[in-house]
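Asker: Encoded as structure tokens, here's the structure I'll be asking about.
Quick note: the coordinates plus some simple rules give every number you see, no bench work behind them. Remember, it's a predicted structure, so these values are computed and weren't measured experimentally. Cβ atoms come from the backbone with ideal geometry, glycine included; neighbour counts cover every protein chain shown.
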Amino acid sequence: MNAPVLEKSLQPQQRLAIVDCDIHPTHKSPAALVPYLPARWVEHARTFGAHVRQGLVGQLTHPRMMAAGQRADSYPASGGPPGSDLPLMQKQHLDPNGVEIGMLVALARGGMEEQNQEFAAALSHAVNDWQIEEWIRPEPRLRAGIVVPQDDPMTCVGEIELRAQNPAFRQIIVSPRTSEPLGRRRYWPIYEAAERVGLPIGLHPAGASGGHPSTGSGWPTYYLQEHYSFETGMQGIVASMIFEGIFERFPKLRVCMIECGFSWTPALGWRMDKAWERMRKEVPHVKRPPSEYLREHFWFATQPIEEPENPKHLVDIIDWIGWDKLVFSSDYPHWDFDDPRYTFKINLTEKQRTAIFRENAKALYRL
Amino acid sequence: MKVPHGAIDCDIHPAVPDTRALLPYLDDYWRDQFVNRHIDRSAFTLMSYPPNSPLSCRPDWRPEQGLPGSDFAALKRDALDGFGTRYSICNVFHGAIALFNEDMAAALCAAVNDWTAKELLDRDPRLRASILVPLQSPALAAKEIERVAKDPRFVQVLMPVMADHLIGGRAYWPIYEAAEKHRLPVAVHAGSTFRHAPTYSGWTSYQVEDYVANGAAFENMLVSFIAEGVFQKYPSLKLVCTESGVTWLPTLLWRVNKDWRGVRAEVPWIDRLPSDIVRERVRFTLQPLDVPKADAGVFLKTMEHIGSDRVFLFSTDYPHWHFDGEEVLPDGLPEDSLRRLLTENALETYPRLRGDDTLAGNPRPHDGALQ
């Protein structure tokens, strides 16, 4: 039934070399990090394993819908999970979709959710080594994101300073599911370091929570709801960072919101402005209307792109956000992958297409 | 723009002046409890609406003494005569809903409802009200609906958007069964009982963040209603998002439609596009209207993105401070949409406002206090 779409031939202007801002590399097996971990933590991993804030070991409590949340066609013939095989990633995504630069977001076993802080630090460090050795060295089109154990900001600062020396690391990956909202002071050392080394913060939904339900009214029943909370959760983070005055304090800080869509952001800006107008005496450190900080400091990766019933309505949204603030992302190899050929159901001008698929990301990440 | 006379205001907030005023509406046991434990000296003010906060009361509507909304003469002057409304629906959003003791919450909700009938509805024929329910116990909430629904001046059920659990969940269905039976829409109002952090990354620093977070809370609540199949289970139930804001709605429709296409096997009872379900079954009160002051076109665009002018209900949210002077309506609304917003949509939403309430044995409106 997909035949008419799949057979649609590429127009020359669609063969733009693109920057994909969300590609997930995965470990071939739980042992993949062994070469990068000290013996003490290898033994710990084997004996105790992960200690995260959820009821089940090694599986999500909202089971995904298709092939554990992966594209069914992305399982490597060589075995191992989707995203663990570079040749398949090249053949299936980087080559045919003309990916000039791919930004890695390494979610699994990165210590973001680990409660044992020393273990979390060791895992983050190992995942960053692993990205370099197994992905960046063999595939020069890829760039890495510095994975940090965000609830231990002092460790984050050390890892950021170490990794920033390698130009392959182009952003700092922080889990949005923190113990406290990301604007709170305990996280400021991370922003100070990010500003100092000139790298944006990349926020991508992570699996296990930071100790709080996915909504202000408790846990959702269905994955449909849990998936929706990727968007509403990010609203709280944007509001926290702005109302805490982060961008007055760190005026060069840039944040990219990944895998949470973007069409919700104009409404959030209006809502924050309206509330700020009434309540600004509570937050005197917020000098300007919140929407101005939103406009200046946040970028948005496009996947999963919103699909209005009338596709043209997306143009209104992007007009409000700014055509310079969206960066294309595919989410390869996850089930809700956005194919760059069919992501936009509206006609983009050449300038708009180039901006979203390439130039905005190059400017944001200084690629 | 200014509102023409005869509108139906679907969200005003009279306040119980103090807890002592509720003592006559409590039974002997609870009156003793309240007096002996000095509970009657507590105000039961919700953390979501601190009385002196700028959002909680417009400066020129603030009474010289007492809680915002507690002065009946001022309410009559500012909210009813001031906007020339035909009906105004009183949402007495009382702190009873935040208690942990279910029985105490139920007794207090019942007292608030009886106080509302006597002290508000009996005093002005333009007033209608919502039934405050103890959400802590869906069984007791359903019982309260059964008790109060006999008075046709109560036109809907009132619940907070953030509580112990997402309210689409099956545990809450007895409430919806009772509401549907009595042709009462369910009004979900902004505010939290703070059983959980208002954001998924934890507890906020500032009250302004909490207020902003209500928008996301309404999204999650609505997705809960859709995903759980409440609209299929109760085919004539209507949901009224009250003080919710509405500019977040287009994104919700687009995202839920797309998510549903991807994961519909998980929720097979959803038998059509979620956006169609929302347009048919969910309504939104006007204030606060989260659009830039300088750009009236944004509301019109939002309406176009939603794809309907039937989902909006007029509200002032008196005495909360969302607008100044008489600038309660967005500019530039087409005549038809304005008429729908001001009266028709409300009459469609609330069977009990149409005066065609045919439930046997119901007293006519204005026949006196609830027995």
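Asker: What does the helix-only formula give at 222 nm for chain B: each DSSP H stretch with n ≥ 4 adding -39500 (n - 2.57), the total divided by the residues, and the result rounded to the nearest 500 deg cm²/dmol?
Answerer: Result for chain B, helices only: -9500 deg cm²/dmol.
Asker: Okay, moving on. Amide H of A:Q171: which non-local residues (sequence gap of 5 or more, or other chain) have their own amide H closer than 5 Å, using H built in the peptide plane?
Answerer: A:I146
Asker: Report the paramagnetic label zone for A:D73: residues of segment A:92-107 whose backbone N is under 17 Å from a point 7 Å from Cα along the Cα-to-Cβ axis.
Answerer: A:92-99
Asker: Over the whole of A:257-270, what's the average partner chain Cβ count within 10 Å per residue? Rounded to a whole number, please.
Answerer: Values: counts 0, 0, 0, 1, 4, 1, 7, 10, 1, 9, 13, 7, 3, 12.
Mean shielding by partner chains, rounded to a whole number: 5.
Asker: A follow-up question, please. A:K28: which lysines have alpha carbons under 27 Å from its alpha carbon, excluding same-chain residues fewer than 8 sequence positions away?
Answerer: A:K91
Asker: Please give the average number of partner chain Cβ atoms lying within 10 Å of the Cβ of each residue in A:234-243, rounded to a whole number.
Answerer: 6
Asker: From the phi angles alone, apply the Karplus equation (6.51, -1.76, 1.60; θ = phi - 60°) to segment B:248-263 and give each ³J(HN,Hα) in whole Hz, x where the residue is Gly or Pro.
Answerer: For segment B:248-263, the Karplus-derived couplings read 7, 5, x, 4, 4, 4, 5, 6, 5, 4, 5, 4, 4, 4, x, 10 Hz, x marking Gly and Pro.
Asker: Ranking request for peptides A:224-237, B:212-225, B:110-123: highest mean number of other beta-carbon atoms within 10 Å first, then the rest in descending order.
Answerer: B:212-225, A:224-237, B:110-123
Asker: Starting from the alpha-carbon convex hull of chain B, give the projected area averaged over all orientations, in nm². Intermediate values should be presented prior to the final figure.
Answerer: Values: hull surface 71.6 nm².
For the Cα atoms of chain B, the hull's average projected area reads 17.9 nm².
Asker: Write out the trypsin sites (Lys or Arg not before Pro) in segment A:150-254 meeting two conditions: DSSP loop, and at most 15 other Cβ atoms within 10 Å of their Cβ. Write down the numbers at each step before the final one.
Answerer: Details: sites: A:R163, A:R170, A:R177, A:R184, A:R185, A:R186, A:R196, A:R249, A:K252, A:R254; in loops: A:R177, A:R184, A:K252, A:R254.
Counting only loop positions with at most 15 other Cβ atoms within 10 Å, the trypsin sites (Lys or Arg not before Pro) in segment A:150-254 are A:K252.
Asker: Follow-up. Under 19 Å from a label point 7 Å along Cα→Cβ of A:M154: give me every residue in segment A:185-205 with its amide N that close.
Answerer: A:185-194
Asker: Sticking with this structure for a sec: Below 16 Å, Cα to Cα, which lysines can A:K362 reach? Residues fewer than 8 away in the same chain don't count.
Answerer: Answer for A:K362, where 16 Å is the Cα cut-off: A:K325, A:K351, listed by chain and number.
Asker: Ordered by packing density, taken as the mean number of other Cβ atoms within 10 Å over each peptide's residues, highest first, how do B:241-252, B:16-27, A:299-310 rank?
Answerer: Ranked from most to least packed, the peptides come out as B:241-252, A:299-310, B:16-27.
Asker: Based on the alpha-carbon gyration tensor of chain A and its eigenvalue square roots a ≥ b ≥ c, which shape applies: rounded if a/c is under 1.5, prolate if not and a/b is larger than b/c, or oblate?
Answerer: Working: a/c = 1.43, a/b = 1.03, b/c = 1.38.
Judged from the Cα gyration tensor, chain A comes out rounded (a/c under 1.5).
Asker: What is the protein assembly as shown by shape, rounded, prolate or oblate, if you read a ≥ b ≥ c off the alpha carbon gyration tensor as root eigenvalues and call it rounded for a/c under 1.5, prolate for a/b larger than b/c, and oblate otherwise?
Answerer: It comes out prolate by the Cα gyration axes.
Asker: At 0.36 nm per residue, and after removing the present C-alpha to C-alpha distance, how many nm does the segment from B:D164 to B:K150 gain when stretched out fully?
Answerer: My answer for the length gained is 2.2 nm.
Asker: Moving to a separate point now. For the peptides B:5-11, B:66-72, what is the packing order when you average, over each peptide's residues, the other Cβ atoms within 10 Å and list the highest mean first?
Answerer: Peptide ranking by packing, descending: B:5-11, B:66-72.
Asker: What net charge do the residues around B:R195 carry, taking every other residue with its C-beta under 15 Å from that of B:R195, with Lys and Arg at +1 and Asp and Glu at -1?
Answerer: -3
Asker: Then there's this: Nearest 5 is fine: what % of DSSP beta bridges in the protein assembly as shown come out antiparallel, could you say?
Answerer: 5
Asker: Moving to a separate point now. Apply the Karplus curve 6.51 cos²θ - 1.76 cosθ + 1.60, θ = phi - 60°, to the phi angles in segment A:20-31 and return the couplings in whole Hz, x for Gly and Pro.
Answerer: Once rounded to whole Hz, the list reads 9, 8, 8, 10, 9, x, 10, 6, 4, 7, x, 7.
Asker: To continue, here is another question. Say each of B:A294 and A:E100 gets a label point 7 Å from the Cα, pointing the same way as Cα to Cβ; how far apart are those two points in nm?
Answerer: It is 3.5 nm.
Asker: While we're here: Computed FRET efficiency, Cβ-Cβ of A:T47 and B:K181, R0 60 Å: what is it to the nearest 0.05?
Answerer: For A:T47 and B:K181, the calculated efficiency is 0.55.
Asker: Quote the relative contact order of chain A in percent (integer), defining contacts as alpha-carbon pairs under 8 Å separated by 6+ residues. Let's see the in-between values first.
Answerer: Numbers: 605 pairs, mean separation 70.0, N = 367.
RCO, chain A: 19 percent.
Asker: Using alpha-carbon positions, what is the distance between the centroids of segment B:165-222 and segment A:295-332, in Å?
Answerer: 28
Asker: Kindly put B:L237, A:L16 in sequence by how many other C-beta atoms sit within 10 Å of each C-beta, fewest to most.
Answerer: So the residues, fewest neighbours to most, are A:L16, B:L237.
Asker: What's the lysine pair count for segment B:8-353 at a Cα cut-off below 30 Å, pairs eight or more apart or interchain?
Answerer: Final tally of qualifying lysine pairs is 21.
Asker: Now for a separate question. So how far apart, in nm, are the two label points at B:V35 and B:D331 if each is 7 Å from Cα heading toward Cβ?
Answerer: 5.8
Asker: Once you average over the residues of B:189-197, how many Cβ atoms of partner chains fall within 10 Å of each Cβ?
Answerer: 3
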